[in-house]
Amino acid sequence: MGVILGRECWTPDVLVAPEDLDAHEDELGIGAAAVRLVVEVASPGRRNQGRDRIRKRREYARAGIPVYLLIDDYDGQGAVTLFTGPRPDKADWEDIHRVPYGTDVTIPEGPAKGFVIGEGITGPKRG
C-alpha cells in the first residue's frame, strides 16, 4: 500500500496505521497524516539504495511520519537505522540511531512501541 505525500506516492515495505482509515484512504494508498511508522528494507543497487537512504528519508520526515526504520544489508556489515522526531520544515529528523545487525533497536513510540528489531530479524553482527 502506498503512502500519499502531496502529489507523490511512496511504497514502503511495511507501514503501521490505524485500522479505521476511511478518511485517509484513496485508490492510491493512505494519506501520510495517518501513518505512524514506515519500514524500508534497502534494495540492492545504487539507485535503489539512494531512494531508501536519502529520498524516502527526506520525504517521510517532510510528511511528519513519526518513525522511519531502515534495515540495510548494504550499509557496512548490515545496519538498522531508526529515525524519530521528524522535522518537516528541514526534511530531516531530530534523532537518528544507527546500530549494526545483531544490536537491539526498540521502537520508542506509537502503536509499535516496544517492538524490538534485533538478531531474530537481522541475524547476528557480521564481521
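What follows draws every value from the coordinates through simple rules; no lab data is involved. What you see is a predicted model; the values in this text were computed from it and never measured. Cβ placement follows ideal geometry from the backbone for every residue including glycine, while neighbour counts extend to all protein chains displayed.
Each of VAL35, PRO88, ALA17 was placed along the dipole of the stretch 1-120 (beta-carbon charges, centred on the mean Cα), and the one lying farthest toward the positive end is PRO88. For the chain, the share of DSSP beta bridges that are antiparallel, to the nearest 5, is 75%.
Going by neighbour counts of Cβ atoms within 10 Å, the residues TYR60, TYR68 line up, fewest first, as TYR68, TYR60. Amide H contacts under 5 Å for TRP93: ARG87, restricted to partners 5 or more places along the chain or on a different chain, H placed in the peptide plane at 1.01 Å from N. When the P(r) of the stretch 2-122 is calculated, the portion above 19 Å amounts to 45% of the C-alpha pairs. Computed from the Cβ-Cβ distance with R0 of 30 Å, the FRET efficiency linking THR106 to GLU27 stands at 0.25.
For the chain, calculate the relative contact order in percent as a whole number, restricting contacts to Cα pairs under 8 Å that are 6 or more residues apart.
About 17 percent, as a whole number.
For GLN77 and GLU19, what is the calculated FRET efficiency with R₀ set at 25 Å and r taken between the beta-carbons, to the nearest 0.05? Calculated transfer efficiency: 0.10.
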